[in-house]
Amino acid sequence: MATPEAAAIIPAAGKARRFGSGSNKIWSHVAGRTVLEWTLSAFDAHPAIASIVVVAGEDDAERIERVCAGKSKVVAVAEGGDSRAASVRNGLAKVPPSTNVVLVHDAARPLVTSELISRIIDCASRFGASIPGVAAPDTFKRVGSDGFVRITIPRSAEVGGTVCSGLTSVQTPQGARLELLQHAYACVDLSRTDVTDESFLLELAGIPVYVAQGDPDNIKITHAEDIGIADQLLSRRTDREPAASRETRTGFGYDVHTFATPDAGRPLFLGGVEIPHDRGLDGHSDADALLHAACDALLGAASLGDIGILFPNTDPAYRNIASIRLLEAVTLRVREAGWQIVNVDATVLAEAPKLMPHRERMQAAIARALQIEPSRVSIKATTSEGMGFVGRGEGIACWAVATLVSQ
Ligand code: MG
């Protein structure tokens, strides 16, 4: 059988990003490139892929266009829709009519291999439609919002007279012959909210879907921790130089805020979390001195100015803003400038309250904003032994250092 002509649709429409909080993970850096670049390159380099259509959300469209300009097989950047199904339908409309097989692949799965792409093209061509699946070793339960188990999903069940044993976790790329996918999109109501993948659309249209062997490493970047895992796997795969031989920079940050009076009713924010105390810190934002010091350390290491330049306290947009949003925006800028964050270490100087009971929560909040593991965030606290403005309980001072390594 002749090799079929295949097209890839890559839905990359993320959520709106206020202050560039980086919620669209396709812009995170792993092993020296963005997640989107890794994903696009896998399809661009595959000999059976003739064309690629990327689906972009409004917020990211310009940047996605720029990235796609460097990829020879990208034939169109389609507009994102209200749902994943609507986005893919917009992409499907741009696929060249000469296409035999269409693969739909999550932009946030940068670890897709050439072997897996080949396998899905082959199986979709032979069986009409095919998706990669991995047998799930875990037991699955439905848990209520109160945290208690409601039901256990049975591992085996009789479906249509056939006993199905085990549960299968499915991935992308999901493939189908062009005319079958077009048929599925034409006959299913796309406003249905339960359509979470292309396979389900095909199933609803009565088209059999063959499950081919998936790849356990083909993870979807969903949580901050996934970036570290993808970075390790891709670095190993590309024989990338260890971080130690790349350029390293260190930055330093300092910040101080005075306490507001107790009757001002300001909550105390430090390290991105609210800490019970009879007074909060005074400032234009939430006055989180620890996060401000961390922002300045990161900006200092990357030579990107300081927090006062980026987010002026004369701008009403930043009035009472949660400083964790500023740290997320700083993280995005630092990454866009080509730096990977290695660690942040901070010291808080405060007479009260006691901060150690809140240290883990602060570490977790900062690590989430920086998209690194909590073990790379260190927070220490000390008092001023009654001396000076901190000693008199007038305010809190923070120091932070950050280390970056070139991507
Ligand atoms: Mg400040």
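Some points to look at:
- For the options Glu351, Glu198, Glu158, a Gaussian network treatment of the chain with springs between C-alpha atoms closer than 10 Å singles out Glu158 as fluctuating the most.
- From most to least packed by mean Cβ count within 10 Å, the peptides 387-394, 269-276, 337-344, 169-176 give 169-176, 269-276, 337-344, 387-394.
- GNM result for the chain, Cα springs below 10 Å: residue of Pro353, Pro96, Pro374 fluctuating most strongly: Pro353
- In this simple spin-label approximation, Ser72 and Ser118 carry label points 7 Å from Cα along the Cα→Cβ vector, and these lie 2.0 nm apart.
- Put in order of Cβ neighbour count within 10 Å, fewest first, the listed residues His223, His284 become His223, His284.
- Estimated from helical segments only, the mean residue ellipticity of the chain at 222 nm is -8500 deg cm²/dmol, where each DSSP H run of four or more residues counts as -39500 (n - 2.57).
- Taking only the alpha carbons of the stretch 75-233, we obtain Rg and Dmax values of 16.9, 52 Å in that order.
- Farthest toward positive dipole pole in the stretch 198-313 [+1 Lys/Arg, -1 Asp/Glu at C-beta], among Ala264, Tyr210, His277: Tyr210
- For the chain, the C-alpha radius of gyration divided by 2.2 N^0.38 Å, with N the number of residues, is 1.16.
- The orientation-averaged shadow of the Cα convex hull for the stretch 1-153, equal to a quarter of the hull surface, comes to 12.0 nm².
- Under-5 Å amide H pairs with Ala397, H placed in peptide plane, nonlocal only: Leu349
- Taking other C-beta atoms within 10 Å as the exposure proxy, Asp146, Asp306, Asp288 rank Asp146, Asp306, Asp288 from fewest upward.
- Panel order for Phe200, Phe43, by other beta carbons found within 10 Å of each beta carbon, from fewest to most: Phe200, Phe43.
Bear in mind these aren't lab numbers, they're just calculated from the coordinates by the rules spelled out. Predicted model, so just to flag it, every value in this text is computed and none were measured. When we count neighbours, we look across all protein chains shown, and the Cβ atoms used for this are built from the backbone with ideal geometry, even at glycine.
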